[in-house]
Amino acid sequence: MTLRLGDIAPDFEANTTQGSIKFHEWLGDSWGLLFSHPADFTPVCTTELGKTALLSGEFQKRNVKVLAVSVDDIDSHNRWIPDINEVNGTEVNFPIIADEGRKVAELYDMIHPNASEKATVRSVFVIGPDKKVKLTLTYPASTGRNFYEILRVIDSLQLTADYSVATPADWKDGEDVIVVPAISTEDAKKKFSKGVTEVKSYLRYTPQPNK
Ligand code: BEZ
């Protein structure tokens with residue numbers, strides 16, 4: 001099934017390295033990061049899961065629960081985790097789904113047969129506390145993802161969920177943001193006490209309101 005932004009993230013029950021998980025129940029009120037990797041004991045995946053573990057404090061700070069998935073089995077995941085820990089100087093502290101039956105892979109359309117018949121591609125889903133899909137990314141097996149970019153998008157998603165702003169190209173937490181087009185400059189000046197700079201009638205900046 002192709003998932004689109006705003007769709008409810010499909011619920012599932014899965015066997016993971018931290019026991020059985022019912023996805024929606026496990027998420028609770030948190031945000032979620034569900035991401036697939038092609039296979040255990042592969043080099044790029046080893047760096048990706050290590051990087052995610054190294055950034056676990058950053059995900060926690062943002063109230064994001066992390067869940068990885070591949071079609072390998074639990075024994076394989078459990079044999080691979082010590083390698084990830086050793087190579088990256090970290091400890092994998094998030095669950096990895098053993099999706100041998102491809103239940104999750106199919107629900108989230110993570111197998112792209114023209115890329116690989118068997119393995120999941122590098123899919124990313126960010127899910128909001130309302131269980132709706134907020135971000136989808138798809139990378140090929142040959143390209144490791146940028147987990148700082150995923151954190152950056154989460155910062156933007158969480159900010160723009162609470163304020164009438166959008167974030168410009170390459171924006172990073174703490175930088176000025178854009179007033180959404182639906183608000184007139186006159187109203188924006190009343191709403192954003194830190195000030196509004198009008199570059200064009202349709203491009204107005206304000207300092208990040210929650211800083
Ligand atoms: C990797 O994780 O290194 C990888 C996995 C599948 C194909 C190519 C690379």
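The values are calculated or read from the model by the stated rules, or taken from the named source; none is laboratory data. Everything numeric here is computed off the predicted structure, so don't read it as measured data. Counting neighbours? That spans all protein chains shown, and the Cβs are built from the backbone with ideal geometry, glycine included.
Considering only residues that are more than 16 Å from the ligand (Cβ to nearest atom) and assigned to a helix (DSSP H, G or I), which ones fall in the stretch 30-78? Quick ask: steps written out before the conclusion?
If we filter the stretch 30-78 for residues that are more than 16 Å from the ligand (Cβ to nearest atom), which is where we start, we get 30-34, 54-67, 73-75, 78.
Scanning the stretch 30-78 gives Leu54, Ser56, Gly57, Glu58, Phe59, Gln60, Lys61, Ile74, Asp75, Asn78.
If you filter the stretch 135-144 down to residues that are within 13 Å of the ligand (Cβ to nearest atom) and free of Cβ contacts under 8 Å to residues at least 60 places away in the same chain, you find that the one that is surrounded by the fewest Cβ atoms within 10 Å (Cβ to Cβ) is Pro140. When Thr52, Thr2 are checked against the criterion of being buried (at least 19 other Cβ atoms within 10 Å of the Cβ) and polar (S, T, N, Q), a single residue qualifies: Thr52. Filtering the stretch 1-29 to residues that are closer than 19 Å to Asn63 by Cβ and assigned to a loop (DSSP other than H, G, I, E, B) leaves Ala9, Gln18, Gly28, Asp29.
Assess whether Thr16 counts as being away from the ligand (no atom under 16 Å from the Cβ), more than 17 Å from the chain's Cα centre (by Cα), at pLDDT 95 or above and buried (at least 18 other Cβ atoms within 10 Å of the Cβ).
On the way: away from the ligand (no atom under 16 Å from the Cβ): yes; more than 17 Å from the chain's Cα centre (by Cα): yes; at pLDDT 95 or above: yes; buried (at least 18 other Cβ atoms within 10 Å of the Cβ): yes.
Yes.
On the stretch given as the stretch 57-80, residues that are touching a helix residue (DSSP H, G or I) at 6+ places or on another chain (Cβ under 8 Å) and surrounded by fewer than 17 Cβ atoms within 10 Å (Cβ to Cβ) total 2.
Taken together, the residues in the stretch 177-211 that are part of a loop (DSSP other than H, G, I, E, B), at negative phi, surrounded by fewer than 16 Cβ atoms within 10 Å (Cβ to Cβ) and out of contact with any Asp or Glu (no Cβ under 9 Å at 6 or more places or on another chain) amount to 8. For first residues located in the stretch 110-134 and assigned by TED's automatic domain parsing to the domain that holds His24, partners that are assigned to a loop (DSSP other than H, G, I, E, B) and of a type in the set (Asp, Glu) and lie 6+ apart or on another chain with Cβ distances below 7 Å form the pairs Pro129/Asp29; Lys132/Asp7; Val133/Asp7.
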